[in-house]
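The values are calculated or read from the model by the stated rules, or taken from the named source; none is laboratory data. The structure presented is a predicted model; accordingly, all values stated were derived computationally and were not measured. Virtual Cβ from ideal backbone geometry, glycine too; neighbours counted across all protein chains shown.
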Amino acid sequence: VANVFTRVTLEDVLITDELKRRLPTKADYLQEKLALQDLAWQMEDHAEKVFPRLVMLAMEVCAAASAGISLYEPQPNSSGLFRWHYLMGALAKFDGKTTPRDFSPCGICLDQGTPILMERPERFYNWLSDADISLPEVLLVPLYVGKAQPLGTLWIVAQEGQHFDSGHARVMTELAAFAGLALRMLRTEQRLNETLEQQETLTREMSHRVKNLFAVTNGMIALSARAASTPQEMAQILSGRLNALARAHAVVRSNFGDEGHIAKSAELEPLVRTILQPHEDEPNASTSNRLRVNGPQVLLGEQGTNCLALVLHELATNAAKYGALKNANGSVNVNWEVASNYLALTWREQGGPPIENAPTKKGFGSALAHRSCVGQLGGAITYDWQPRGLSIKISIPMERLSS
Amino acid sequence: LLQNVCILIVEDEPFIALDLAMEVETANGTVIGPAGSVGEAFELLKTARVQGAILDVHLSDGDVAPIAAHLFGRGVPFLFHCGLSLTPALKTQYQNASVYLKPTAPSNLVKAIASLIRN
C-alpha cells in the first residue's frame with residue numbers, strides 16, 4: 001500500500017540477482033538429457049519446428065504457466081520491435097503481439113546478454129498492464145543464431161512468485177543455445193537452396209536467351225539479304241546490325257533482382273554514345289563533336305536496350321547514307337526527357353544535304369525502326385522532314401523500356 | 001500462292017515480323033500488320049478482313065490467346081509460330097493447331113498458311 005504513490009522503477013521489477021540465491025532443487029539430468037535429445041531430433045527432420053518444441057520443453061522443464069518466443073524485427077524508422085511467436089499456456093491468445101525493442105523485458109534481456117528474472121513487470125511496463133497481462137514471475141533467456149547474432153528471447157512465465165531458480169536458468173540457456181544452432185543450420189540450408197535455385201534460373205534463362213538470339217539473328221540475316229543487292233552490301237548491313245547489338249551488350253550490367261531473377265540494365269546515355277560512336281570517329285568528319293547527346297538518367301531493361309540500340313543504329317545508318325552524317329560538317333542532336341512515364345527522345349539532324357520533300361518510299365531501316373518502336377516497345381515514332389534536316393520524335397512508355 | 005489473300009501477322013520481334021511480311025508479299029499476299037501486341041492486332045482487326053493469320057505466342061502485352069479466340073470464332077485459319085512452346089491453355093484449346101517452332105523458314109510458314117486456307 002505504501003508503494004501506491006511511489007513510481008515503480010526498472011530496478012523494482014528486475015530481480016535477476018534472486019536467481020543466484022535460489023539454489024536448484026535436485027537437478028533432473030534425465031529430463032534435461034531427454035529434452036536435448038528431443039530438440040536434436042527435431043533439428044534433423046523438422047528444423048522449422050525447433051522453436052515451438054523449445055517452448056513446449058520450457059513449459060515442461062520449468063512447470064510454467066505460459067511461455068513463448070519473442071523474435072526481433074528491425075524497423076526502418078525506429079529501433080525495432082519484438083513479435084511474440086509459438087505462445088503456449090495462459091498467454092497463448094496473445095500470439096503475434098508486438099512489443100517495443102527499447103521498452104520491454106526482452107530488450108533488457110538482449111542488452112544484458114544473459115538470462116534475467118522479473119517480478120510482476122506489468123508494474124513498470126504499462127503496455128503489459130494495459131493488455132491486462134500479469135506476470136507473477138518471468139524468466140527470459142536470450143536467443144542467438146550461432147554465436148553473435150541476437151535473434152530474440154525465450155520467455156517463461158510462472159503462476160506464482162518465487163518460482164524460478166538458477167537451475168531453470170541454466171537448463172533453459174543450454175536448450176536455447178541448442179535451438180539457436182538449429183536455426184543457424186536452417187538458415188544456411190535455405191541460403192544454399194536459394195543459391196542453387198538462382199543457378200538453375202540462370203541456366204534456364206541463358207538457354208532461353210541463346211535460343212531467342214538465334215531466332216532474331218535468323219530473321220536479321222534473312223531481312224538483310226532481302227535489302228541488299230550484292231553479297232558485300234549484305235555483309236555490311238548485317239555486320240552493322242550485329243555490331244550495334246554487341247555494343248549494346250557491352251553497356252549492359254547484370255545483377256540479381258529481388259526475386260532471384262537476373263536483372264540486366266543499361267543507361268540510355270552510354271547506350272546512345274556507344275551506338276553512335278562509329279559515326280563520330282569517321283575520318284571525314286571535320287567537327288569533333290558532330291554528335292550532341294543530352295538527357296537525364298534513364299535505366300533500360302534488356303529488351304529496351306536491344307530495341308533502342310537497333311533503332312538508333314538504323315537512324316545513324318540512314319543519316320550517314322542520306323542525311324547529316326553524310327556531310328563532313330553535319331551534326332546530330334539527341335535529346336530526351338521523361339514525362340508522365342514516357343521517354344520522349346528527339347533526334348535532330350542538321351548540316352546535311354538540304355531536304356526538298358519527304359521520301360516517297362520507306363526504307364528497310366525505317367520500317368525496322370517503326371516495328372521496334374511500335375510493335376516491340378508499344379510506343380511511337382514520327383518523322384518530320386524539315387528542309388534543314390530530318391527531325392525524329394520517339395515516344396516510348398517507360399515500363400516497356402525497363403523490361 | 002496467296003493471291004488476293006489478306007494475312008494477319010502478329011509478331012513482336014521486328015526482324016522476324018518484317019521478314020515474314022516480305023515473304024507474304026513475295027507470295028502476292030496482302031499483309032495486315034505486322035502487329036507487335038494483342039492490342040495492336042485487335043486495332044487492325046477492327047477494319048481489316050483477314051483470311052489467315054500467323055501468330056507469335058508471347059507478346060509484350062500478354063499471350064496471343066484473345067486473338068486466336070477471335071479468329072477461331074470467325075472460322076479464320078491460323079498457325080502458331082512460337083519460340084518455346086504454346087501456353088498450356090492454348091495447347092488444350094487448339095489441339096489440332098499447327099505449331100511451328102522458331103526459327104522456321106518464312107517460306108515454309110507461307111506454304112503452311114496457304115494450305116490451311118485452301119482446306
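Here are a few things to note about the model shown:
- Residue ID - modelled with the lowest pLDDT, chosen from residues in the stretch B:73-91 that are surrounded by fewer than 15 Cβ atoms within 10 Å (Cβ to Cβ) and not hydroxyl-bearing (Ser, Thr, Tyr): B:84
- Taking the listed residues B:9, B:16, the one that is part of a strand (DSSP E or B), buried (at least 22 other Cβ atoms within 10 Å of the Cβ), touching a residue at least 40 places away in the same chain (Cβ under 8 Å) and within 13 Å of another protein chain (Cβ to nearest Cβ) is B:9, with no other qualifying.
- Residue within the stretch A:317-332 that is within 12 Å of another protein chain (Cβ to nearest Cβ) and closer than 25 Å to residue B:11 by Cα present: no
- Failed criterion for residue A:138 (all others in (1) within 31 Å of the chain's Cα centre (by Cα); (2) part of a strand (DSSP E or B) hold): (1)
- Qualifying positions in the stretch A:102-123 - assigned to a loop (DSSP other than H, G, I, E, B) and surrounded by fewer than 20 Cβ atoms within 10 Å (Cβ to Cβ): A:102, A:103, A:113, A:114, A:120
- Within the stretch A:365-379, if we keep just the residues that are more than 7 Å from chain B (Cβ to nearest Cβ) and touching a strand residue (DSSP E or B) at 6+ places or on another chain (Cβ under 7 Å), the residue that is surrounded by the most Cβ atoms within 10 Å (Cβ to Cβ) turns out to be A:377.
- The helices (runs of 4 or more DSSP H) found wholly in the stretch B:35-118 and carrying at least 1 residues that are within 11 Å of chain A (Cβ to nearest Cβ) and under 27 Å from residue A:217 (Cα atoms) occupy B:38-47, B:106-118.
- Test result for residue B:21, buried (at least 21 other Cβ atoms within 10 Å of the Cβ), of a type outside the set (Asp, Glu) and part of a helix (DSSP H, G or I): yes
- The stretch A:163-189, residues that are surrounded by fewer than 19 Cβ atoms within 10 Å (Cβ to Cβ) and either closer than 13 Å to residue A:25 by Cβ or over 34 Å from the mean Cα position of the chain (by Cα) (or both): A:166, A:170, A:173, A:174
- Here residue A:72 clears all of (1) touching a Pro at 6+ places or on another chain (Cβ under 8 Å); (2) part of a loop (DSSP other than H, G, I, E, B) except the condition numbered (2).
- Residue match in the stretch B:95-105 (condition: within 12 Å of the chain's Cα centre (by Cα), of a type in the set (Val, Ile, Thr) and surrounded by fewer than 19 Cβ atoms within 10 Å (Cβ to Cβ)): yes
- The stretch A:190-215: number of residues that are farther than 27 Å from residue B:101 by Cα and either exposed (fewer than 12 other Cβ atoms within 10 Å of the Cβ) or within 14 Å of chain B (Cβ to nearest Cβ) (or both): 8
- Criterion: at pLDDT 85 or above and in a helix (DSSP H, G or I) - qualifying residue of A:233, A:205, A:189: A:233
- Residue in the stretch A:346-360 that is without any contact (Cβ under 8 Å) to a residue 24 or more places away in the chain and either in a loop (DSSP other than H, G, I, E, B) or within 12 Å of chain B (Cβ to nearest Cβ) (or both) present: yes
- Total residues in the stretch A:216-227, condition more than 32 Å from the chain's Cα centre (by Cα), facing chain B (nearest Cβ under 7 Å) and surrounded by 18 or more Cβ atoms within 10 Å (Cβ to Cβ): 5
- Matching residues, the stretch A:33-56, being within 11 Å of residue A:178 (Cβ to Cβ) and among the acidic types (Asp, Glu): A:38
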